[in-house]
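Take a look at the structure below.
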Amino acid sequence: MASAQPPRGMRDFLPDAVRRRQYVIGVVTDVYERYGFEPLETPAVENLETLLGKYGEEGNQLIFKILKRGEHEASGQADLALRYDLTVPLARVVAQYRGQLPRFFRRYQIQPVWRADRPARGRFREFYQCDVDALGSRSMAVEAELCAAASDVLVRLGFSDFSIRLNHRQVLTGVLDAAGVSPDQHGEALVALDKLDKIGADGVRRELADRGVPTTASDGLLQFSAGIASSGAGTASASDASFDNADTLDRLSRFVGDHEAGRRGIEELRNIDALVASTSAHGRVRIDATLARGLSYYTGAIMEVAVPDLAGSLGGGGRYDNLVGMFLGEDVPACGFSLGLERIIVVMTERGMFPPGAESAPADVMVTVWNAESLGESLALARELREGGLRVEVYPEADRLGKQFRYASARGVPFVTVLGDDERAQGLVAIKDMKSGAQRAVARGDAARELKAP
RNA sequence: GUGGGUGUAGCUCAGCGGUAGAGCGCCGGACUGUGGCUCCGGAAGUCGCGGGUUCGAACCCCGUCAUCCACCCCA
């Protein structure tokens, strides 16, 4: 027999799970629409060369490649790949349809992406991302609004203990340069620095040494990060106002000195921080100089949203002013944010955050079958009820009534109708409220109305 | 990619060298026009898969696959 399991790291969603997913997607869509973003969908598959070189070395390795078909299949060569994220396809779309899109294109996209990663808690090989991106503007108002939209989604889903960490690629460059880390070691140093909140200053020192960063440089870096930690920015769970962005910015400014790109980055962070104060994300955005983020296409601000009880993040994003240029030959500024649907669902499920309605009954009414001869009569009643706007399930067989009721009860259907010999003789239909147990007979023509307003 | 745990009935698990178990669920009945509660009865497993050790393996050993946890990285 063939295995009935889905491929590793990929999942089937049974009805309850689909309803939970649809509930979350509904909230996300509603919030994104409120911010004036428009929907976009792109193919599951991209040309391989579209994706290669956009995500850094780690990313390249995690792309699911598709072998050439037909006679070329044996060569093991790939020319297509499953999309790795929704940002690169967006950049391709913007390059392709530039003239048809508005000057400030704001789009959201909720679709699956694929990564050939090793599955873990909250990490899958096929998962949905909920992306929002705004293209065409360099204004920091974009960053502020993206933080606000992500924050609104989480608040409406019932989260209260999240924070949005904010940093800047050029500030990181400035910090590393100022500490004396050579440019070719920036990547290594960032990975180590990113772990400050997990492994502490001593852990970072060891990690930097392991990665070959000279002691002089790592000392400088740690001296700086120690100051960050003491200002409260090093703690993972800061939904409270235990952080002081102005103080963090001052420390950064002193450390970076006259490094030009670094200074520009700090100004942008200051700008974002000020604008966020006017949005619903006020008080949730914490400037955190240790935030790194892996994707290589980011050029400016980077952000990430996390909750205390999940190792990874619920979402992240940033500014990528050069990505569209890789397809168009002319840069289009862009900034986006992505929420991970499965991560959100993992946490919501564990915390029991889904409202009771999110896993609602499969139907409003179940129509029972009296006997084999009256099956058509049951179908006719179901039709009448459906025309009255109800969701109706017909029990398909003339089983014992007790069995039919037990089935309805187990399925959580709130009302059951019975069309027995007596009812049919009088033009009535019996309606039973499964919760209270009360039953009454009503005129058949009134049944739908009675059921809609019980 | 690294280290560790776990795979036994539909589900949750017990058994840890000597004939395969429980609870829940499922099916039937007590209750031939009505679920939930109770009682009675029943069906159900090549003990993940392959090899090895042994008179004998669910149990010990090796491999493999799946799954979970911690790293790495990430949504």
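The values are calculated or read from the model by the stated rules, or taken from the named source; none is laboratory data. Everything quoted here is computed from the prediction, not taken from an experiment. Neighbour counts run over all protein chains shown; Cβ positions are idealised from the backbone, glycine included. Accessible surface areas use protein heavy atoms only, side chains included; no ligands, DNA or RNA. Shrake-Rupley method; radii C 1.70, N 1.55, O 1.52, S 1.80 Å.
For the stretch A:1-78, what number results from the quotient of the Cα radius of gyration and 2.2 N^0.38 Å? List each step's numbers first, then the result.
On the way: Rg = 18.3 Å, N = 78, 2.2 N^0.38 = 11.5 Å.
That ratio works out to 1.59.
Placing +1 on the Cβ of each Lys and Arg and -1 on the Cβ of each Asp and Glu in chain A, which of A:Leu339, A:Thr417, A:Ile266 has its Cα farthest towards the positive end of the resulting dipole?
A:Thr417
What translational D, rounded to a whole number of µm²/s, comes out for the stretch A:361-452 from Stokes-Einstein when the hydrodynamic radius is the Kirkwood one over Cα pairs, at 10 °C and 1.306 mPa s? Could you put the intermediate results ahead of the total?
On the way: Rh = 12.8 Å.
Answer from the Stokes-Einstein relation: 124 µm²/s.
Would you kindly give the portion of the calculated P(r) for the stretch A:311-369 that falls above 19 Å, as a percent of all Cα pairs? Provide the component values of the computation, followed by the final result.
Working: 1045 of 1711 pairs.
Here the tail beyond 19 Å accounts for 61 percent of pairs.
Treating cross-link reach as a plain straight distance, find the aspartates and glutamates whose alpha-carbon is under 18 Å from the alpha-carbon of A:Lys452, omitting any fewer than eight places away in the same chain.
A:Asp364, A:Glu384, A:Glu387, A:Glu393, A:Asp433
Please work out the average accessible area per residue across chain A, using the 1.4 Å probe convention, and give it in Å². Walk me through the numbers on the way to the answer.
Values: 21360 Å² over 454 residues.
Result: 47 Å² of accessible area for each residue.
How about the stretch A:237-328: which GluC sites (Glu not before Pro) there are in a DSSP loop, with at most 15 other Cβ atoms within 10 Å of their Cβ?
Details: sites: A:Glu260, A:Glu267, A:Glu268, A:Glu304; in loops: none.
Answer by residue number: there is no such site.
Across 10 Å bins from 0, what is the distribution of all Cα-Cα pair distances for the stretch A:48-191, in whole percents?
Histogramming the stretch A:48-191 at 10 Å steps yields 9, 24, 36, 24, 6, 1 percent.
Can you spot the lysines whose alpha carbon is less than 23 Å from A:Lys403's alpha carbon? Ignore those fewer than 8 places along the same chain.
Once the sequence-local lysines are set aside, what remains near A:Lys403 is A:Lys432, A:Lys435.
On a 1.4 Å probe surface of the protein chains, which of A:Tyr23, A:Tyr407 comes out largest in accessible area, and what is the full order? Walk me through the numbers before you get to the answer.
Working: A:Tyr23 65, A:Tyr407 90 Å².
Largest to smallest exposure gives the sequence A:Tyr407, A:Tyr23.
Quick one: with all protein chains in place, what share of the accessible area of the stretch A:309-454 is carbon or sulfur, to the nearest percent (1.4 Å probe)?
Numbers: 3460 of 6910 Å².
After summing per-atom areas, the C and S share lands at 50 percent.
Name the lysines eligible as straight-distance cross-link partners of A:Lys68: C-alpha to C-alpha under 24 Å, and not fewer than 8 places from it in the same chain.
A:Lys54
Return the loop-located trypsin sites (Lys or Arg not before Pro) in the stretch A:331-414 (DSSP other than H, G, I, E, B) with at most 10 other Cβ atoms within 10 Å of their own Cβ; answer none if there are none. Please list the in-between numbers first.
Details: sites: A:Arg343, A:Arg351, A:Arg383, A:Arg386, A:Arg391, A:Arg400, A:Lys403, A:Arg406, A:Arg411; in loops: A:Arg391, A:Arg400.
Qualifying residues, ordered by number: A:Arg400.
Report the percentage of all Cα-Cα pairs in chain A whose separation exceeds 33 Å, rounded to a whole percent. Don't skip to the answer; put the middle values down first.
Working: 50993 of 102831 pairs.
So the portion of pairs separated by more than 33 Å is 50 percent.
With 22 Å as the cut-off, how large is the P(r) tail for the stretch A:117-225, expressed as percent of Cα-Cα pairs? Present the calculation step by step, with values, prior to reporting the outcome.
Numbers: 3182 of 5886 pairs.
When all Cα pairs of the stretch A:117-225 are counted, 54 percent exceed 22 Å.
Magnitude of the Cβ-charge dipole of the stretch A:15-356, K/R +1 and D/E -1, about the Cα centre, nearest 20 debye? Please report the intermediate quantities before stating the final value.
Numbers: 39 positive and 47 negative charges, 125 e Å.
That gives a dipole near 600 debye.
Give a quick list of GluC sites (Glu not before Pro) in the stretch A:316-366 that DSSP marks as loop, anything other than H, G, I, E or B, with at most 12 other Cβ atoms within 10 Å. Let's see the in-between values first.
Numbers: sites: A:Glu330, A:Glu342, A:Glu350, A:Glu359; in loops: A:Glu330.
Sites meeting the loop and neighbour criteria: A:Glu330.
222 nm [θ] for chain A, helices only, -39500 (n - 2.57) per DSSP H run of 4+, per residue, to 500? List each step's numbers first, then the result.
On the way: 17 runs with 185 residues, N = 454.
It lands at -12500 deg cm²/dmol.
Ignoring any ligand, DNA or RNA, what whole percent of the accessible area of the stretch A:18-115 comes from carbon and sulfur when the probe is 1.4 angstrom?
Details: 2370 of 5160 Å².
On the stretch A:18-115, the fraction of accessible area on carbon and sulfur atoms equals 46 percent.
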